[in-house]
Amino acid sequence: MPILTAHNLSKSYGAQDIFDNVTLEVPHRAKIALVGPNGSGKSTLLRIIAGLETPSTGAVHRAKDLKIGYLPQQADFSGRGSLWDAMLEVFANLETQARDLRHMEGIMASGDGYDEDLLQRYGAALEAFELAGGYTYKHQVQRVLSGLGFERDEFDRPIAQFSGGEKTRALLAQRLLEEPDILLLDEPTNYLDIEGIEWLENYLKAWIGALVVVAHDRAFLDSVIDRVWEL
């Protein structure tokens, strides 16, 4: 069953027609390559699917509460803090839960206000934290950043100091950590070395969500995708 469909899409800029009469569907867990000549509208179509651009005609229908992650070719990553801070934004709820747990632990250790009700609340909060990945998410952040070519000494480096390519890799890391229902990637291998491309291939082959990717790297696409859209 598709989680996203589009019917009779067209896109024009003034008198210039980009594409016309595009109908598509994204099944659950599908891994799709979007291919076509330069200028055929691949990036524009990704932006329309993501809801960032409006088609000239036609409509896109998304499943309720569908979470979409989009990576443009050149990211405008405007994070104020470090690379590590930007990745932890994905896990803001877990960070809040961790602070709450430490607060309760402090109360229980001091004996000030400690009671049976607090102990029960702490136990329930600890279980929820563990089930949500509270003891593994920082390891996951390290794994993704390292896989995409960031060295450990770059984790604390301010995002503002990064080059355009580094910001694009950082946004790719953030999108992977967000685990959206559909991941839309526009040339994700542009700023990766061979080791990074191989790592991303393996990561996406195990991806449990749907994927639509534009890439000129034929070997990368052959490794990852299971169907092709051609514009």
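The values are calculated or read from the model by the stated rules, or taken from the named source; none is laboratory data. Please read these numbers as outputs of a predicted model, since none were measured by experiment. As a convention, Cβ positions derive from the backbone with ideal geometry for all residues, glycine included, and neighbour counts pool all protein chains shown. Accessible surface areas use protein heavy atoms only, side chains included; no ligands, DNA or RNA. Shrake-Rupley method; radii C 1.70, N 1.55, O 1.52, S 1.80 Å.
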Do we find a residue being open to solvent by less than 70 Å² (accessible area, probe 1.4 Å), in contact (Cβ under 8 Å) with a residue 24 or more places away in the chain, more than 28 Å from Gly147 (Cα to Cα) and touching a strand residue (DSSP E or B) at 6+ places or on another chain (Cβ under 8 Å) anywhere in segment 64-74? no
Might you let me know whether segment 5-18 holds any residue that is within 15 Å of Leu184 (Cβ to Cβ) and acidic (Asp, Glu)? no
Would you confirm whether any residue within segment 8-16 is more than 30 Å from Arg121 (Cβ to Cβ), surrounded by 14 or more Cβ atoms within 10 Å (Cβ to Cβ) and touching a helix residue (DSSP H, G or I) at 6+ places or on another chain (Cβ under 9 Å)? yes
Neighbours by Cβ (under 7 Å, 6+ apart or cross-chain): first from segment 39-54, at negative phi and in a loop (DSSP other than H, G, I, E, B); second of a type outside the set (A, V, I, L, M) and open to solvent by 20 Å² or more (accessible area, probe 1.4 Å): Leu52/Tyr70; Glu53/Thr44; Glu53/Arg47
Number of positions in segment 176-186 that are open to solvent by less than 10 Å² (accessible area, probe 1.4 Å) and assigned to a loop (DSSP other than H, G, I, E, B): 1
Matching residues, segment 147-175, being assigned to a helix (DSSP H, G or I) and surrounded by fewer than 16 Cβ atoms within 10 Å (Cβ to Cβ): Arg152, Asp153, Ala160, Gln161, Gly164, Gly165
Could you tell me whether Asp65 is among the acidic types (Asp, Glu) and farther than 21 Å from Thr168 by Cβ? yes
Which one is most open to solvent (accessible area, probe 1.4 Å), of the residues in segment 82-102 that are over 16 Å from Gly134 (Cβ atoms) and hydrophobic (A, V, I, L, M, F, W, C)? Trp84
